[in-house]
Amino acid sequence: MPWVHAGAWSMRLWRATTTPEVSLSRVGVWASAVLLLAAGIASSCDARTQGPGVPPAPDYAHADTWAAWPGRTSGADSVAPGLPDASVPEDAKVDVFFIHPTTYLTGSEPNARFDEPGLTSSQIEHGALRYQASAFNACCRIYAPHYRQATISAFLTGDDVQAVAAFELAYADVLRAFDYYLQHENHGRPFIIASHSQGSLHAMRLLQERIARRPLQQQLVVAYAIGYDIPEDIERTGLPVCRSATQTGCLVDWNTVKQGISDSTRASHHLIWLDGRYQHFDDRSLVCVNPLNWELGGTARAELNLGALPAVRASEALLPAVPQLTGASCESGLLRVSIPLRQRHGFSNVMTVAGSYHVFDYNIFYTNIRVNVRERISAFRAQAAAPAH
């Protein structure tokens, strides 16, 4: 079946309420089925010796601690048929620091090993890199660290102390990887932060702790921190939310759901990073930048969808992108889509039955992301070249 990862989607499945056709209890049943299925698959594929204590920390000076690195073949090099694969010259490339989503699904440990084998590793290589990080491979040098990701249990537990401990360990790795990249690889080049799901939780913190209101912010082209509940309040930290296709130094986020899905219990559960600590989302407004027109909120027609990338099995070649798959509308902070039944192959799995397109946050708008990153880089370079007043 198409690739599956877990993270913020699991929280939304547990919390989602729908129109009368899909009840909360039915969504809970589907969520339970998904988690049990995922745990069963991961347990069979990821047989591991359960050692005591915290998994060893990655040393980012070693190649095996990076899922993607310039010049090394990875899923981030993938190019779907029909998409232009011409890269800009090496000395003109922008860097992308990509933070992958949750791919460890058993929930048996607070944190995975950074080199977790089996399905966990395959989901990064054949899922997150191939369908997400690859959107940046025509313009950019891609750096994607392995890290001791928080496992699915951190997103399901009602114990904030346990969840925060798992997030702290995962973020510590992300931060060290970013600092290693800055010290050894950046050399003053413009860079992009890109992430999904759990990765965007860590990106939210990284942007506030290392970039916003610091000299490094002058090198930030954009942050695509997609698939996590980021509040509009983040703007008061000095990081603006993007409101146009060519705005730079800003943040983009959206959370994709089926038309008719609502989420009335988000406020009481979800942990975010704000004001120097993990805290609940509460009743804040959720960032929703529409990836079809890159405006904050609003509606865009399917004609603006340049091409959605269907998911395939890990052993299969990528399929051509599907133009005009769906329009998109930001409503109550969620990005609502309506994919015709005849076109759902490659854009459906057991989670979409409950109305969550979280796994496909990048796929559905893949070509728009690929085009937009070039637009923002061009705008960034034009601003940098403009004479100071």
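Table: residues versus (1) within 20 Å of Ser74 (Cβ to Cβ); (2) without any contact (Cβ under 8 Å) to a residue 12 or more places away in the chain; (3) among the charged types (D, E, K, R).
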position: Asn137; (1), (2), (3): yes, no, no
position: Phe155; (1), (2), (3): no, no, no
position: Glu168; (1), (2), (3): no, yes, yes
position: Arg176; (1), (2), (3): no, no, yes
What is the one condition in (1) within 30 Å of Pro84 (Cα to Cα); (2) buried (at least 21 other Cβ atoms within 10 Å of the Cβ) that Ala314 does not satisfy?
-> (2)
If a residue has to be touching a strand residue (DSSP E or B) at 6+ places or on another chain (Cβ under 8 Å) and in a loop (DSSP other than H, G, I, E, B) to count, how many in segment 84-111 make the cut?
-> 5
Given Val221, Val174, which one is under 20 Å from Val94 (Cα atoms), assigned to a helix (DSSP H, G or I) and of a type in the set (Val, Ile, Thr)?
-> Val174
Among the residues of segment 201-223, is there at least one that is surrounded by 15 or more Cβ atoms within 10 Å (Cβ to Cβ), of a type in the set (Lys, Arg), touching a residue at least 60 places away in the same chain (Cβ under 8 Å) and in contact with a helix residue (DSSP H, G or I) (Cβ under 7 Å, 6 or more places away or on another chain)?
-> yes
Could you list all residues from segment 114-131 that are at pLDDT below 95 and assigned to a loop (DSSP other than H, G, I, E, B)?
-> Glu116, Pro117, Gly118
If we keep just the residues of segment 352-376 that are touching a Lys or Arg at 6+ places or on another chain (Cβ under 9 Å) and in a helix (DSSP H, G or I), which is nearest to Val289 (Cα to Cα)?
-> His358
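Residues checked against (1) modelled with pLDDT under 55; (2) among the acidic types (Asp, Glu); (3) in a helix (DSSP H, G or I):
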site: Arg26; (1), (2), (3): yes, no, yes
site: Val34; (1), (2), (3): yes, no, yes
site: Ser43; (1), (2), (3): yes, no, yes
site: Gly51; (1), (2), (3): yes, no, no
site: Ala57; (1), (2), (3): no, no, no
site: Ala61; (1), (2), (3): no, no, no
site: Ala67; (1), (2), (3): no, no, no
site: Arg72; (1), (2), (3): no, no, no
site: Ala80; (1), (2), (3): no, no, no
Please go through segment 224-253 and pick out each residue that is farther than 15 Å from Arg376 by Cβ and out of contact with any helix residue (DSSP H, G or I) (no Cβ under 8 Å at 6 or more places or on another chain).
-> Pro231, Glu232, Asp233, Glu235, Arg236
Would you check which residues across segment 211-255 are among the acidic types (Asp, Glu) and within 13 Å of the chain's Cα centre (by Cα) and list them?
-> Asp229, Asp253
Residue list for segment 182-205, filter: within 30 Å of His270 (Cα to Cα), part of a helix (DSSP H, G or I) and not hydroxyl-bearing (Ser, Thr, Tyr) | Gln198, Gly199, Leu201, His202, Ala203, Met204, Arg205
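The values are calculated or read from the model by the stated rules, or taken from the named source; none is laboratory data. Just so we're clear, the structure is a prediction, and the values are computed from it rather than from any experiment. We place every Cβ from the backbone using ideal geometry, glycine too, and count neighbours over all the protein chains shown.
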